[in-house]
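Encoded as structure tokens, the structure appears first; notes follow it.
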There are 2 protein chains.
Amino acid sequence: MATDTFLKPGPAIILVEPQLGENIGMVARAMLNCGLTDLRLVNPRDGWPSAEAVATSANASAVIENTRVYQKTEHAIRDIDTLYATTARPRDMVKRVVTPRQAATELVEQTKASGRCGLLFGREAKGLKNDDVVLADTIVTVPLNPEFTSLNLAQAVFCVAYEWFQAQDETSPSETPLPKNIHPASKQELLGLFEHLEGALDDSGFLQIKEKRPNMVRTLRNIWQRANLTDQETRTLRGVIKSLVRYRGSSKN
Amino acid sequence: MATDTFLKPGPAIILVEPQLGENIGMVARAMLNCGLTDLRLVNPRDGWPSAEAVATSANASAVIENTRVYQKTEHAIRDIDTLYATTARPRDMVKRVVTPRQAATELVEQTKASGRCGLLFGREAKGLKNDDVVLADTIVTVPLNPEFTSLNLAQAVFCVAYEWFQAQDETSPSETPLPKNIHPASKQELLGLFEHLEGALDDSGFLQIKEKRPNMVRTLRNIWQRANLTDQETRTLRGVIKSLVRYRGSSKN
């Protein structure tokens, strides 16, 4: 799959005793959305392969077709160097608890150092058993509304996978630049628009009260200035003004 | 709902022409996970209320019971001051495009300034129509694997809602502190453990090669040091040592 050629290698997602094939398919889709392809199932209740999983995976076949199944969590984690366990509720266990964002930063660092990482997720309703959590180096808990923390399994996987994708993509800007064929209006084009409109409004009488004119002109210029117009848009607006002037002329005559 | 008493007021989630009740229910669940309760539907295909939505909402009744339905997008956004449109694919439109993280920062700022904010989401398969996108101030696009950007509707809502929750919760640490009833072992307790083990290993003969002893002692001490033991755990380990010594003694006699 070409995905692996440009994305940094990501963590394995390990679902322990998942119950519904539908959820496994949604997990596969969420993983591929974030460029992850290594899905492992421990003792899935309804077996594997699953037609329901294929149906909800939205063609995430790069994940579904390479999914591996294990009988025990211990077998699924043998090649993992650093393991995170995702839990919603606090455990009576002395172990680091971090946010998905913090975990993602650590996952990217560990992968750079050639460490193989994995993320454990538990059953839909009950989450991970303590016997599984204890195998992990660190616990991941998603900060959520404390009165409603029950996260859908695919949402939990998406959350951590999404944070991983953002963390490994160091170059991603928070704002996308404009396409190259779009050009902001130059000041000359803007001034051309301002003067065109003001001339038309002088003619129409809108600006005839002399002492109010400077303030009204500033108000109008500021509206266009704030609109971050493109060169094409200034031309469109000048066409609008011309059209209105022509219409006014014909209706008056 | 008590949620509103401690969370900052959040943006409205506006689903335009959603098709499946199941997806609306999953959106409601994802919203309440992140403390959002203002759900609006524009022309839902299968009508409203929806038994399917209730079934998949996992008891997010604070959202489901207050959902409002509108015939047109324009009607649903009347009280909104700042509107974001979520799209996966680029539009032929001159409009700011930001990440969910950047949008979340802006949403928190605008809410502080008493602005009412909304987020538009389109139909499951096709997303928003350009006639809806044009109503928005800013476009939000989730950075994803460019080869597989088709995000489930509830995942898209969760993503933006999750980022909003993280942004409004300025005090959330990236790592959760240990519970108050857990105490790291004092140096005195650690040294007690070290000396207890080393004494037992002197007796057993494990440390009998004199020139190797200092290095082996350092190795063992470093293991325990690195484990960040609690006071209770040092006592457990001293019990383990005692038990092993007793067993060895009895099996030899």
- Task: State all residues of region B:118-138 that are in a strand (DSSP E or B) and either modelled with pLDDT under 95 or of a type in the set (G, A, S) (or both); if no residue qualifies, say none.
- Result: B:G118, B:R123, B:G127, B:T138
- Task: Mind telling me which of the residues A:E170, A:E147 ends up being acidic (D, E), in a loop (DSSP other than H, G, I, E, B) and over 24 Å from the mean Cα position of the chain (by Cα)?
- Result: A:E147
- Among (1) part of a helix (DSSP H, G or I); (2) open to solvent by 20 Å² or more (accessible area, probe 1.4 Å); (3) at the interface with chain A (Cβ under 9 Å from one of its Cβ atoms), the one test that B:F158 misses: (2)
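In this structure, is A:A125 surrounded by fewer than 23 Cβ atoms within 10 Å (Cβ to Cβ) and among the small types (G, A, S)? Don't jump to the end; show me each part of the working.
Values: surrounded by fewer than 23 Cβ atoms within 10 Å (Cβ to Cβ): yes; among the small types (G, A, S): yes.
So A:A125 fits the description; yes.
Quick one: which of A:E195, A:E175, A:E211 is farther than 30 Å from A:R89 by Cβ, within 10 Å of chain B (Cβ to nearest Cβ) and without any contact (Cβ under 8 Å) to a residue 24 or more places away in the chain?
The unique qualifying residue is A:E175.
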- Test: B:T99 is among the polar types (S, T, N, Q), surrounded by 13 or more Cβ atoms within 10 Å (Cβ to Cβ) and touching a residue at least 40 places away in the same chain (Cβ under 8 Å): yes
- Message: Looking at B:L120, B:L193, can you tell me which residue is touching a helix residue (DSSP H, G or I) at 6+ places or on another chain (Cβ under 8 Å), open to solvent by less than 20 Å² (accessible area, probe 1.4 Å) and not assigned by TED's automatic domain parsing to the domain that holds B:E22?
- Response: B:L193
- Answer with yes or no whether A:N145 is at pLDDT 90 or above, out of contact with any strand residue (DSSP E or B) (no Cβ under 6 Å at 6 or more places or on another chain) and buried (at least 16 other Cβ atoms within 10 Å of the Cβ). yes
- Message: What pairs come out if I take residues in region B:64-78 that are not assigned by TED's automatic domain parsing to the domain that holds B:E52 and pair them with residues that are part of a strand (DSSP E or B) whose C-beta lies under 8 Å away, six or more apart or interchain?
- Response: none
- Message: Going by what's in this entry, would B:R101 be described as at the interface with another protein chain (Cβ under 9 Å from one of its Cβ atoms) and among the basic types (K, R)?
- Response: yes
- Query: Identify, please: which residue in region A:163-184 is farther than 20 Å from A:L32 by Cα and among the aliphatic types (A, V, I, L, M) and is, among those, least open to solvent (accessible area, probe 1.4 Å)?
  - Reply: A:I182
- Query: Out of region B:214-238, which residues are closer than 14 Å to B:A185 by Cβ, of a type in the set (S, T, N, Q) and either part of a helix (DSSP H, G or I) or open to solvent by 40 Å² or more (accessible area, probe 1.4 Å) (or both)?
  - Reply: B:Q225, B:N228, B:Q232, B:T234, B:T236
- When you look at B:E175, is it at pLDDT 90 or above and closer than 30 Å to A:A156 by Cα, yes or no? no
- Positions within region A:178-192 being part of a helix (DSSP H, G or I) and free of Cβ contacts under 8 Å to residues at least 24 places away in the same chain, in sequence order: A:K187, A:Q188, A:L191
- Query: Residues in region A:107-153 that are within 14 Å of chain B (Cβ to nearest Cβ) and polar (S, T, N, Q): how many?
  - Reply: 6
- Among what's in region B:75-96 and is more than 13 Å from chain A (Cβ to nearest Cβ) and open to solvent by 80 Å² or more (accessible area, probe 1.4 Å), pick the residue that is nearest to the chain's Cα centre (by Cα). B:D81
- Note on the structure: Reported set for region B:27-55 where residues are under 20 Å from the mean Cα position of the chain (by Cα), over 18 Å from B:P9 (Cβ atoms) and open to solvent by 30 Å² or more (accessible area, probe 1.4 Å) is B:R29
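Checking the structure you have, find out if any residue of region A:194-203 is within 25 Å of the chain's Cα centre (by Cα), at pLDDT 90 or above and of a type in the set (F, W, Y).
no
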- Task: May I ask you to list the residues in region A:174-222 that are farther than 30 Å from B:P143 by Cα and of a type in the set (D, E, K, R)?
- Result: A:K187, A:E189, A:E195, A:E198, A:D202, A:D203, A:K210, A:E211, A:K212, A:R213, A:R218, A:R221
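The values are calculated or read from the model by the stated rules, or taken from the named source; none is laboratory data. No experiment lies behind these values; they were computed from the predicted model shown. Every residue, glycine among them, receives a Cβ derived from its backbone with ideal geometry; neighbour counts consider all protein chains shown. Heavy atoms of the whole protein, side chains included, go into the accessibility calculation; ligands, DNA and RNA do not. Shrake-Rupley method; radii C 1.70, N 1.55, O 1.52, S 1.80 Å.
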